[in-house]
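Scroll down for the structure; my scribbles are underneath it.
What follows is calculated from the coordinates using simple rules that are stated; it is not laboratory data. Given the structure is predicted, the values throughout are model-derived calculations rather than measurements. With ideal geometry, Cβ positions are generated from the backbone for all residues, glycine too; neighbour counts draw on all protein chains shown.
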Amino acid sequence: MNKHRLIPCQCLLVSFFLVGLGFPLSGFGFQDTTSRSKKDTVAADSGSVKLRRFVSVKNVDSLPLKQLGLIPFSSLQQVIKGSVAGVYVQETSGEPGTTEQSMMIRGLPMPLLSRKDIYQVQPTVYLNGIPLIQDNPFMFDVQRFSYLPIGPATNLLSTIDLDNIESINVIKGGAAAAVYGPRAANGAIFITTKNAQEGLNQISFNSYYGMVQKDQVTPANAKNENDFRMPFYNKFASPADMDNYPAYLRDATNENYYGPSNWTDLYYKNSPVHNINGSITGGTSRSNFRFFAGNTKSAGNADDTKLDKYVASFFINMLPLKWLTVSSMINATRLDRDRNKSFRDRFAEMQYVPDLSSPISPNKLIYGSLLDEYKNRAIDKNKNNAVQGYFSLNAKIKDIDFISRIGFDYNEGLRDVFYPSTMFDGNNFVSNYFGYNQRVVIDNILRYKYHLNEQQSLNLEAGHSFQADVNKYNYAFGYKGSSDYIKINVVNGDPKSDQYLLPKDFIVSRFTDRQKSNLSSLYAKATYNFKEDLSLTAVARTDGSSNMQPSARWFFSPAISADYNLKNTLLKDNSTFSKLLLSASWSRIGKLISDDHFAAGPQYNVDLGWSGNPAFYSYGGFGTLSRPYTTGWIGYDIPWSYVQETNVGIDAGFFNNRLQTRFELYSKNNNRMLLPMPVNAESGYTAAYQSGMDVNNSGAELILQAEVLKGTKGQLSWTSSFNAAYNQNKLKALPGGMSEILIGTQKLVVGQAIDKFWVLQTHGVFNSDVEVPVDPKTFQIFNYKGLPFHGGDPRWKDLNGDYTINESDKVPLGNYIPKFTGNFSNQFTYGDFGLNFNFYFALGRNILNQAVAGRFDFINRKGTNDIAAVDEITFWQTNFDASKYPVYNPWSAVQSYRSDQDIFIENGSYLKLRSVSLSYDLARLSFLNPRKRAQSKFLVYMTATNLFTITPYTGGDPEVVGYTGIDTGYGLSMPKTYILGIKVDL
Amino acid sequence: MKNMRFNTKISFFRIFSGALILTVLMSGCNKKLDIDSTHLVNEKNNWKSITDTRSALLGTYGLLRAAMADKNAHWLYGELRNGDFQATSRLDLKAIIGSNLNAPYPVVQSLSSWRRFYAVINSANLFIDRAHEVMALDKQYTEKNYQVDIAQMHALRAFAYFYMTRIWGDVPLIKSVNDGSFEQAKRTPKEDVLGYAESELLKAVQDLPYKYGDIFDPVFPGLYYGQGIAAWNGVLLTKVSAYAILAHVAVWNERYIDASGYARFVLDNASKAGSSYMTTALLTRVDGFFYDKNTNQIFGLPFAWSDREASLDGHIEDLTLAAPLVVRPVPQMFMPDQTILSIFDEDKDERFSINAANGRAVTDYFTGFGSSNTIFSKVKCIRNASTDGSLGLFSSAIVFTRLEEIALLYAESMAVLDNMDPAIDALDNVRLSRGLPRYTGPNSGVLDAIFKERRRELMGEGWRWYDQVRYNRIKKSDTQFNKLISTNGIFWPISQDVLSRNSLLVQNEYWR
């Protein structure tokens, strides 16, 4: 053992990279467990100080997994939410396993203009060093409605089982990310699984059972809706409008609508959840293994939504020679999801909107019969399989270390759908999807440590990485099969027939797409250490991406960082400060484009569709090619966009580290980003992609951690930790030196934030036509985009005084990314009892309550038969106070209740009690710990989640709104969950 | 071991060899970074073979179809304004019918943008600019084939300009590709645009065949892109189509002598293109004139079921059909019974008339007349000409013109030129095929009779508004309409979005 013993610093360095790259520490057999390096004990961690740490303090946060492990999360995003300062997670629905969850590290790097953009801002997640491949958003190209991607739409990061995880580290700053390159441009999340360990023969078993609690709502029926609408009809309706009063509201004797509203019994339900898993670790110092298997079932509080997950992992490490380590992992997951049954999602998938003039009845019998159709005759299967693995060799000869590794990640999604004719105007519908994402990564790293003298050392490192990705899907949907008993799309199997492989029964549309992209990286890194007082690091790297044009394929980027230990040098004898460390860094990293359209430059593709049918591809039966008029012109010479980040931080410990704090300031510039710039319509193009958009995100992060009561065994101890992050974004430049542009309804103004709501300001109502002012100069009547106002119309504020209300009268109001996010958690222990509670908050953030705007805008919504106007079964609940809103004429052509006005912007700040856990460790009882091992535990615990929310927001759950802060009312709320569990290590 | 130090030379050597290995790796990878995308064709790989010209040619047609189909634009531009249809609950349709073309509804705003038509023009310009490259590289792409293709692109571009100038009046005239330069251009006076369209069409008609893929065609005999007539009937612009468009260009320009000449050519040569007058039954059958693609569609843009191109919107059916023909309980627009009765006021009209014997409606145009829900069902091509309306997937073509329309246009030109006999003859051709007797009224009433016939015959084909404009240009009897014409109020406003993208554009004066 002693032979392999390294000096602490070296050990740390090695472990930093090994862990960073997913290498099992224990396999080397020379791990130093006794010596404590400075970096091992810093309280940079937002959670527990007791957490085992591998990484340096530079912009890396570790998660307090010991506490988080007691909470029943269903995805990685939920685990991260609130646990790390500076990471904002937006979930759009409480539906377990849905793909609609986003993570943003240190703010919003670009405006979210299209549905695909949210994919562009996600951090990369590494599992044991393998950068996990996610879905590519290219399937949106063939979709008429983009609420959800086609396919299972399951969150691929639901595959993570916390009981299988050793650590989760979040890489925030550019300097820390530099060594990982463009994949970490939006930050990175490192997940390290528990691994085989030398000399540790252990069996672990974890399980919980519990319940998700249903929501309590006040159901409504047609009388409520009639009472809501009648005042508008009485005040503004013409006789013809009166004749058009919806049929379902007209007849008060109609039992279906005016009868009992008892749908809630079938929609909101208490649902069981559970988790069960176990692992075995064993072996010797020359070879060891670990096996893990588990199953988790998560549930939503409504619409019978569920996620079932099965995980199995196997790890093995071997030392065939003393200087050579061979290790390997295989991790497989299966996800099975029961999706919601909302009409909107169903019609969007069918790309067909039936007549929406009457909502479904609020009666249990009618709603129940629809659910029976789902249950007995429909098919809605969503499955994902994912497998990751690696094989690595590590040769260590004296001061030279060489690592070579091949890793892969493959995941596939399958979705099979059949809706019988009884659910859809007498037609049936079938769809089948198969898609996969595949990534292979080859890494080679060479390290050399050079001692200048006793005090100074130089660590050199160079590496190369090659990554090859493939995304592919096949999708077909069909209408109108001949029978509800044939639930699959059968094709003609006779190779001689001219109908060979054509569908026999359904009217089928087929889609397929495939994208390959490669990334090659080369980097060098040098670190100079002067004792433990000063450390300087420089990284230089060059990255080549197949998604960039040949003329600008490679991007060179540097990073430098410095750490200076003030405690060791200036404050040696100071008793208040037990630690004081300054760090600063500057870095530049290239940003990857996930879309392969840009590499080709000017190009031709299929652009035959229109708004109602975007995927049309043929004319006269032949495939066609044209310029990409709809998506936008792409020229030559598109340079890499990049992230440039400056970061300063201070780590301090007081009173023998009982109080520890970290404070960081950053300024992050995402530069030279591509933006579809509006071009003259006479070119035929909607836009031309130009690079040159710069967005700055700046902010501060604070972590405070205190051992308030430092009890020894048998006494009460209390640890409290608080993290908070402030972030603001600002548009610094637009392509071509423009100062502002309007893309769709989103206005971008240089100097303003990019997450603003641009809205009209309301100043009362015109009670009659005579109140509408006239421009004394031109005698033009006060108008909305040329359309004169009338009595009953809102009086919007005319900012530029031109007597015309249009886009230039909109003001930036509110922002959808919170200014402050954070977490406050407390941990009490008394003897073997433990109590945790955990608050999460997001403050300084606004929500556009489109759900309410839609309720008021019933005339327009119903008139257009728009899919956004589908009334779900949840239409039948009273969830807003109509008296708080002004009364306008809903028939007015100015669309009085348009959602882009200030009355629908609300304060969306909230504070949530995210979890409370009570635990008791029985390991002291000797019959439960027969081998008397220190690492054994036998923990029983209870956890409750989402117990209460404090918010001024009047709509639904402020935690679940769209990525751009729009609450459409379609998301399920975050469920309250209660579980009882055990965690056993023997 | 801790103090072990390498010889500097060895260390240097190792670093050097390491770097060398990495360099080799990297250069190998550079090739790996050249990936041709599977969902696009780059500049390097296009304009190489005859398949590329076919794809680009048909792509241009497809863009025109998309422009006319988007939000049912063809009818929203042509049929609604001041027309005979009423909207049920769609406020945007009501706004168009009521001439509130600046109403801020998304559909109305979107229709005020001409971008989709300029995509057609850009695509045609590109074809004209680049197609010759293929001739040099692919022997299959013959000079003759090239000429026919170029003629189609000239004609299609001219049609797009004509279509736009009917909607917006003055529009920028762009004759070349200017790839990636996005130069802004002013609006060109509508007379010049029409003049350009006419000259382009006149050039094109020389090379256009009567039928594509026909071995007997006098202009371009033989297969076209390897396909016979079945593939191309009703799909591409023929010589007759081009003359039909020419007639319309001239009429819109109020040059009736030329118009009558062009229309005459169509009437005389329609049979060469396989077009003829149709019975009312053929016109309105589910598998009749509008269904799929056929030679009677003198110029149409098909959504052929046989090509698997049926779609949900881009069809008059999407606007007008409802129960009992399709599932939707009420149509988006309908014609009030009173209007129907006032338009169809002659006995024995197969399109619509009241049987004097029993007072019942006899009609091929409407369903459920007299009920509270009268459906305009002249065009009802559901899927494969099915009568099962549970799935509203339609296969009717967007038809610009057919022989009856050109006959009436010819009659109109002749009547304006005071050449009443040929005018009445042409009018009677249409009347007779609809079960009506010959026109017997005075010569002074011929023009009115022609326009009345157009209103009935072309109902739901996107003509009503333009017919009103032409009628009032001739008659000048309606003071309000005169004012509309003189102030350019007959045109649509240009959307704010389009105006903001090109600083040289000015809004139509009427809508300022």
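Some notes on this structure:
- Average partner coverage of B:384-396, which counts Cβ from other chains inside 10 Å: 3
- In units of the compact-protein estimate 2.2 N^0.38 Å, the stretch B:363-472 shows a Cα radius of gyration of 1.25.
- Computed from the Cα positions only, the extents of the stretch A:846-901 along the three principal axes stand at 29, 27, 21 Å, in decreasing order.
- Solvent-free Debye calculation, one equal scatterer per alpha-carbon of chain A: log10 I(q)/I(0) at 0.05 Å⁻¹ equals -0.33.
- P(r) tail for the stretch A:761-809: Cα pairs beyond 16 Å make up 30% of the total.
- Extension gain for residue A:280 to residue A:709 (0.36 nm times residue separation, less C-alpha to C-alpha distance): 150.8 nm.
- Highest-first packing order for the peptide set B:141-148, B:155-162 is B:155-162, B:141-148, based on the mean count of other beta carbon atoms within 10 Å.
- For the protein assembly as shown, the mean residue ellipticity at 222 nm estimated from helices alone is -6500 deg cm²/dmol, where every DSSP H run of n ≥ 4 contributes -39500 (n - 2.57) and the total is divided by all residues, rounded to the nearest 500.
- Taking every alpha-carbon pair within chain B, the share separated by more than 34 Å comes to 41 percent.
- For the stretch A:389-415 versus the stretch A:68-117, the spacing of their alpha-carbon centroids is 28 Å.
- Potential lengthening between residue B:358 and residue B:186 on full extension [0.36 nm per residue; Cα-Cα distance subtracted]: 55.8 nm
- Separation of the stretch A:288-328 from the stretch A:179-203 is 13 Å, based on Cα centroids.
- Mean Cβ count within 10 Å, highest first, over the residues of peptides A:704-716, B:386-398: B:386-398, A:704-716
- Here the translational diffusion coefficient of the stretch A:261-312 follows from Stokes-Einstein with Rh set to the Kirkwood radius across Cα pairs; for 4 °C and 1.567 mPa s it amounts to 94 µm²/s.
- Cα-centred dipole magnitude for the stretch A:761-809, charges only on beta-carbon of K, R (+1) and D, E (-1), debye, nearest 20: 20 debye
- Helix B:403-416 and the long axis of chain B differ in direction by around 60°, with both axes built from C-alpha atoms.
- Degrees between helix B:143-168 axis and first principal axis of chain B (Cα, 0 to 90, nearest 10): 60 degrees
- Two-site FRET efficiency, residue A:770 against residue B:487, from Cβ-Cβ distance with R₀ of 25 Å, rounded to 0.05: 0.35
- Gyration tensor (alpha-carbon) shape descriptor, the stretch B:411-512, a/c threshold 1.5: prolate
- Cβ-defined net charge surrounding residue A:964, 15 Å radius [Lys, Arg +1; Asp, Glu -1]: -2
- Distance from the C-alpha centroid of the stretch A:616-662 to that of the stretch B:255-312: 51 Å, rounded to the whole angstrom.
- Stokes-Einstein D in µm²/s, Kirkwood radius over Cα pairs - the stretch A:421-482 at 20 °C with 1.002 mPa s viscosity: 124 µm²/s
- For the stretch B:425-430, backbone phi angles converted through the Karplus equation (6.51, -1.76, 1.60; θ = phi - 60°) give residue-by-residue couplings of 4, 5, 4, 5, 3, 6 Hz, Gly and Pro being listed as x.
- In order along the stretch B:248-259, phi translates into HN-Hα couplings of 5, 4, 5, 5, 5, 8, 6, 10, 6, 5, 4, 4 Hz, rounded to whole numbers, per the Karplus curve 6.51 cos²θ - 1.76 cosθ + 1.60 with θ = phi - 60° and x for Gly and Pro.
- Sorted on the mean count of surrounding Cβ atoms within 10 Å across their residues, most packed first, peptides A:776-786, A:683-693, A:321-331, A:93-103 read A:93-103, A:683-693, A:321-331, A:776-786.
- Coordinate range along principal axes, alpha carbons of the stretch B:263-394, Å, largest first: 43, 36, 20
- Nearest-ten-degree value, helix B:446-457 long axis tilted from longest Cα axis of chain B: 60 degrees
- With an a/c value of 1.5 or above and a/b larger than b/c for the gyration tensor axes a ≥ b ≥ c computed over the alpha-carbon atoms, the stretch B:152-293 is described as prolate.
- Across peptide A:683-691, the average count of Cβ atoms from other chains found within 10 Å of a residue's Cβ is 5.
- Over the stretch B:29-135: Rg over Rh, Cα atoms, Kirkwood Rh: 1.20
- For chain B, the relative contact order is 16 percent, taking Cα pairs closer than 8 Å that sit 6 or more residues apart in sequence and dividing their mean separation by the residue count.
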